[in-house]
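These notes are about the structure you will find just below.
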Amino acid sequence: MSDRDRKAPFRRGGGKPFEKGRKPGGRTAWRDRDSGPDGPVILYGWHTVTAALANPARQIRKLFLTENAARRLADENIATRVPAEIVRPNTIDARLGPDAVHQGLLAEAEPLPSLDIDDLALEGIVLVLDQITDPHNVGAILRSAAAFAVKAIVTTARHSPEATGVLAKSASGALEMVPLVTVPNLARALNELNDRGFMTVGLDSEGAEDLGAVALQQPLALVLGAEGKGLRQLTRETCSVVARLDMPGEIKSLNVSNAAVLALYIGTSRLGLMK
C-alpha cells in the first residue's frame, strides 16, 4: 500500500471513545469536548500534525509515522518532541478509516484549554460562531481566521463540532494558532463582549446595512450563523449591528466559511489591519 493522500470523513479508530480535556478550574477544553475523561485529541495530516509539533503549548502523547513521513520530517528538520512509532500506512488507515488524508502522520495529543471572554484583548477582530455544526466549515473558518490574524473564535459548548479529526484536518494547523473561547450561552457572551466595548456585528442576508458601509471599530466581533438557519433570533437581538454582505451576482448567499473570508477581508481592510 502506498503512503498516498486519502480523503474521507474522520472515523474513530476501533470504536474507542476519545476523551475530553479540562481547563484548570474545571472548564472543558473546546477542542475535545465530546470525548471521555483522560483521552487524546486525534490529529492527522501533514499541516495539522507539524503545527501541533511546533506548538509548545500542545502536549503530544503519542506519534505514529510512516517511513516516508519520518523521512520528510527529518529532511525538514522538524523535531518530533516525543519518540515516534514507525508504522505502515494501513496501521493508520485502521485507526482513521481507509480514505482519511493522513499523509503518514497521526498524533494523539492533549486538548488545548479554552480561554474566557475576559482574556480577550480589546483590539482587532474576533469571530463568534452561532451553532455552526459542520466540522469542515468550522475548520475552514479557523484556517481563514489564522490567515487574517483573528484574535480568537468564540463558540458554544453545545451544538458545535468536537475539535479533532475532520475539523483539525480542515483547519490545516490553525487549531494551534487561533485561541478559542467556549461559552455555555452565546447571548450572554455577546452581552459580555458588548459590555467590554466590542462592536458586535451579526452577518445576515436580511441585515439592514451592507457590511462594507458600516462604520466598523475595534475591537470588533463578527458573528456568523449556522448553515440554513442563519443567526438565531436572540443572537440577532443581542448584536449591536446586523449587516448583510451585498454581492452583484444572481446568488446572494454564500457558504458560511466563504462568508467568513469575505467579512474578514472587509473588516481588516476597513480597520486598517491589513499589513
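Loop only per DSSP, at most 16 neighbouring Cβ atoms within 10 Å: give me the GluC sites (Glu not before Pro) in region 201-259, ordered by residue number.
206, 227, 250
Please report the relative contact order for region 117-270, taking Cα pairs under 8 Å with a sequence separation of at least 6, and give it as a percent rounded to a whole number.
The value is 29 percent.
With N set to the residue count of the chain, report its C-alpha Rg divided by 2.2 N^0.38 Å to two decimal places.
Dividing the Cα radius of gyration by 2.2 N^0.38 Å gives 1.04.
Could you order peptides 213-220, 92-99, 41-48 by the average number of other Cβ atoms within 10 Å of their residues, highest first?
41-48, 92-99, 213-220
How large is the helix-only mean residue ellipticity at 222 nm for the chain, computed as the sum of -39500 (n - 2.57) over DSSP H runs with n ≥ 4, divided by its residue count, in deg cm²/dmol to the nearest 500?
Theoretical 222 nm ellipticity from helices: -8000 deg cm²/dmol.
Out of region 54-103, which GluC sites (Glu not before Pro) are coil in DSSP terms and have no more than 13 other C-beta atoms within 10 Å?
76
Since every read-out is calculated from the coordinates, none of them should be taken as a lab result. Quick caveat: nothing in here was measured; it's all calculated off a predicted structure. Methodologically, a virtual Cβ is constructed for each residue, glycine included, from the backbone with ideal geometry; neighbour enumeration extends over all protein chains shown.
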